[in-house]
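J.: Encoded as structure tokens, here's the structure I'll be asking about.
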Amino acid sequence: MRERNHRSRVLRSPNVLAGLLRCGKCGAPMHVTYPGVEPKCRFRYYVCNNRYYFKSCDQEYIRADHLEDSVIREIEKLSRWLLGNDLTADAVRYINTQVDAYNEKEQKLQA
């Protein structure tokens, strides 16, 4: 029991995006469910919490394997792009734009 208490939820769950996804329609968190009849373990789906618990959102169920594969492909594209560019210059440019935007907002608030 002591070992299980100290492991994080991510390590115990095969649902790699659990806790990270938000519904595109209402912004509520999404979790994994196994809808349908037995055997339920055949397909996993991500579902909006508002749809699942309160029936207040009409976001469709999303097949977990399809969504996870597309996220992995996008991460691979981003990593190839980052490795092909000068990371330092890009990072400095990004930080500078964020700092400039913050300074502009601060000046507007002080005025």
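J.: What length, rounded to one decimal in nm, is gained on full extension from E60 through to R73, with 0.36 nm per residue of separation minus their alpha-carbon distance? Let's see the in-between values first.
T.: Values: separation 13, 0.36 × 13 = 4.68 nm, distance 2.19 nm.
Fully extending the segment from E60 to R73 adds 2.5 nm.
J.: Can you list the residues of the range 20-35 with backbone N under 11 Å from a point 7 Å past the Cα of Y52, pointing along Cα to Cβ?
T.: Those under the cut-off are 29-35.
J.: Any aspartates and glutamates with Cα under 18 Å of the K77 Cα? List them, leaving off those in the same chain fewer than 8 positions away.
T.: Here the aspartates and glutamates satisfying the reach criterion relative to K77 are E68, D69, D86, D90.
J.: In terms of Cα to Cα distance under 18 Å, which aspartates and glutamates are near enough to K108, apart from those fewer than 8 places away along the same chain?
T.: D100
Where a number appears in this text, it was derived from the coordinates with a stated rule and is not lab data. What you see is a predicted model; the values in this text were computed from it and never measured. In this analysis, Cβ positions are derived from the backbone assuming ideal geometry, glycine residues included, and neighbour counts consider all displayed protein chains.
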